[in-house]
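Reviewing the structure listed below.
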Amino acid sequence: MIVRHIDEIRGTQREVQAPRNQWVSRRMLLKNDNMGFSFHETIIRAGTKTHIHYRNHLEAVYCVAGNGRIEEIKNGTVHEIRDGVMYALNEHDEHFLYGGSEDMRLICVFNPPLTGKEVHDENGVYPLVTDG
Ligand code: 9YT
């Protein structure tokens, strides 16, 4: 059994800051935990905008605190995000994620799991990833 507290992740390689500090993500489960998915807590900082496109992964995200918005780039549709809202990128949807009036706390699951070695480009986009 794996049992971890978020405080054990902080300050380790499993805690990753966005290039421009728009978010911080704590990877509670990664590929090498052998669960078949990865599991993250991501804090989206208030007032920020991040361009995200996970070309090789499906992701579901559940908001448990704070608020923000997600904009679908293909059609401009904007969805409000607050405690209790889930979104799933079932079509590898390219999007902008906006922090709202306060930091947004998100619980995220990826299939296939992130390895932890993925690198974001200068826009905060995950480029094509080769799982290693
Ligand atoms: C909100 C969101 O997409 N979070 C994903 C996790 C984060 N990009 C990470 O751990 O790299």
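The values are calculated or read from the model by the stated rules, or taken from the named source; none is laboratory data. The structure displayed is predicted, hence computed values, not measured ones. Glycine gets a Cβ as well: all are built from the backbone with ideal geometry, and neighbour counts include every protein chain shown. These accessible areas exclude ligands, DNA and RNA; they are computed on the full protein's heavy atoms, side chains included. Shrake-Rupley method; radii C 1.70, N 1.55, O 1.52, S 1.80 Å.
These residues, 31, 74, go from largest to smallest accessible area, 1.4 Å probe, as 74, 31. Report, in deg cm²/dmol and to the nearest 500, the calculated mean residue ellipticity at 222 nm for the chain, where each DSSP H run with n ≥ 4 adds -39500 (n - 2.57) and the sum is divided by the residue count. Value at 222 nm, helices only: -500 deg cm²/dmol.
A 1.4 Å probe run over segment 6-111, with the rest of the protein chains in place, finds 51 Å² accessible per residue. For segment 6-111, carbon and sulfur atoms together expose 49% of the accessible surface, with a 1.4 angstrom probe and every protein chain in place.
Find, among the GluC sites (Glu not before Pro) in segment 20-127, those assigned to loop by DSSP (not H, G, I, E, B) with at most 10 other beta-carbon atoms within 10 angstrom. Within segment 20-127, the qualifying GluC sites (Glu not before Pro) (loop, at most 10 other Cβ atoms within 10 Å) are 91, 122.
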